[in-house]
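Visitor: Let me begin by handing over the structure; questions about it come next.
The values are calculated or read from the model by the stated rules, or taken from the named source; none is laboratory data. Note that the structure is a prediction, hence the values are computed from the model and not measured. Every residue, glycine as well, gets a Cβ built from its backbone with ideal geometry; the counts of neighbours run over all protein chains shown. Side chains are part of the model used for accessible areas, which takes the heavy atoms of the whole protein and leaves out ligands, DNA and RNA. Shrake-Rupley method; radii C 1.70, N 1.55, O 1.52, S 1.80 Å.
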Amino acid sequence: DTVLLNRIIIDPEICHGKPVIKGTRHMVESILEYMAGGDTAEDILNEFSELEKDDVLACLAFAAKSLHLKDIEFPAA
């Protein structure tokens, strides 16, 4: 998990400080949105040839780790 998380950086000079895949301007948020929309890791890798499978896995690991850091509120059903 830690090795994967090393692929994600937060730099105020890149994408307004949003988490991105190191060495790119691909935001973690965008990769997760693609996946939530039904794209597979393979779809993303085909679309963005500069990314590696571990970059996509790092985005998932970052999201999972983020859930441990804060409470998330959902609207009442």
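Visitor: Using each residue's phi in the stretch 3-12, evaluate 6.51 cos²θ - 1.76 cosθ + 1.60 at θ = phi - 60° and report the 3J(HN,Hα) Karplus result to the nearest Hz, with x for Gly and Pro.
Guide: 4, 5, 5, 5, 7, 10, 10, 10, 9, x
Visitor: May I pose another question? Scan the stretch 1-43 for trypsin sites (Lys or Arg not before Pro) in coil per DSSP, keeping those whose Cβ has at most 10 other Cβ atoms within 10 Å, and list them by number.
Guide: Numbers: sites: Arg7, Lys22, Arg25; in loops: Arg7, Lys22, Arg25.
Taking the stretch 1-43 and a limit of 10 other Cβ atoms within 10 Å, the loop trypsin sites (Lys or Arg not before Pro) found are Arg25.
Visitor: With the other protein chains left in place, how much accessible area per residue, in square angstrom, belongs to the stretch 1-64 at a 1.4 angstrom probe? Spell out each step's value before the answer.
Guide: Values: 4000 Å² over 64 residues.
Accessible area per residue: 63 Å².
Visitor: Show me the ranking of peptides 8-14, 42-48, 30-36 by mean Cβ neighbours inside 10 Å, starting with the highest.
Guide: Packing proxy ranking, top to bottom: 30-36, 42-48, 8-14.
Visitor: List the lysines whose alpha-carbon lies under 18 Å from that of Lys65, not counting same-chain residues fewer than 8 positions away?
Guide: In chain and number order, the partners are Lys18, Lys22.
Visitor: I would also like to ask the following. For the chain, what does -39500 (n - 2.57) per DSSP helix run (n ≥ 4), summed and divided by total residues, give at 222 nm, in deg cm²/dmol to the nearest 500?
Guide: Using -39500 (n - 2.57) per qualifying helix, the result is -13500 deg cm²/dmol.
Visitor: What percentages, rounded to whole numbers, describe P(r) for the chain computed over all alpha carbon pairs with 5 Å bin width beginning at zero?
Guide: Going out from 0 Å in 5 Å bins, the chain shows 3, 15, 25, 24, 19, 8, 4, 2, 0 percent.
Visitor: Would you mind checking which residues have amide H under 5 Å from Ile8's amide H? H placed 1.01 Å from N; only 5 or more apart, or other chain.
Guide: Here the answer is Lys22, since their amide H atoms fall under 5 Å of that of Ile8.
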